[in-house]
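Engineer: Pasting in a structure now, in structure tokens, and then I'll have a few things to ask.
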Amino acid sequence: LPGQDWKEGIAAAVRKSDVVVVCLSRSSIVRTGFVQWEIRFALDVADEKPPGIVFIIPARLEEVAVPDRLSRWQWVNLFQEQGYEKLALALRMREGSLG
């Protein structure tokens, strides 16, 4: 909301989230500042999660290299056929693990 501290709002939203989709494009992976902070924060929260759960889903919006810190998770190519279906499957799997 207007006037809200966006940094605190993003941190609270990531901590409450069951899954975070990190959208990767040519412009997002080379940006410095807030975009990188948001990704770094989501990765720090992911490190606190139990092993084996789906929490971070890197989603490539176009043909780009996945940053090293995100490369441990399988990514989805949303620009390829069946990309959105694969993302939906991962989200349903995560939903099912929540009960």
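Engineer: Work out how much length LEU98 to VAL66 would gain on full extension: take 0.36 nm times their residue separation and subtract the Cα-Cα distance, in nm to one decimal.
Structural biologist: Difference between extended and current length: 8.8 nm.
Engineer: Probe 1.4 Å, all protein chains in place: accessible area of ARG26 in Å², nearest 10?
Structural biologist: Accessible area, nearest 10 Å²: 140 Å².
Engineer: Taking the alpha-carbon centroid of each part, what is the distance from the range 48-85 to the range 1-36 in angstrom?
Structural biologist: 16
Engineer: With charges set only on the Cβ (+1 for Lys and Arg, -1 for Asp and Glu), what does the dipole of the range 23-95 come to about its Cα centre, in debye to the nearest 20?
Structural biologist: 40
Engineer: Let me ask something additional. Give, in nm to one decimal, the length gained when the segment between GLN82 and ILE10 is fully stretched (0.36 nm per residue of separation minus the Cα-Cα distance).
Structural biologist: 22.9 nm is the gain from fully extending GLN82 to ILE10.
Engineer: Another one. Counting alpha carbon pairs within less than 8 Å and at least 6 residues apart, what relative contact order, in whole percent, applies to the range 19-74?
Structural biologist: Normalised by residue count, the contact order of the range 19-74 is 52 percent.
Engineer: If you don't mind, another one. Leaving ligands, DNA and RNA out of it, work out the accessible area of PHE34 with a 1.4 Å probe and give it in Å² to the nearest 10.
Structural biologist: In the full protein context, PHE34 sits at about 140 Å².
Engineer: Could I ask something else about it? Kindly provide the helix-only [θ] at 222 nm of the chain, computed as the sum of -39,500 (n - 2.57) over DSSP H runs of four or more divided by all residues, to the nearest 500 deg cm²/dmol?
Structural biologist: -14500 deg cm²/dmol
The values are calculated or read from the model by the stated rules, or taken from the named source; none is laboratory data. Note that the structure is predicted; figures quoted are calculated from it, not measured. Backbone-built Cβ (ideal geometry, glycine too); neighbour counts: all protein chains shown. We work out accessible area using only protein heavy atoms, side chains counted, and drop any ligands, DNA or RNA first. Shrake-Rupley method; radii C 1.70, N 1.55, O 1.52, S 1.80 Å.
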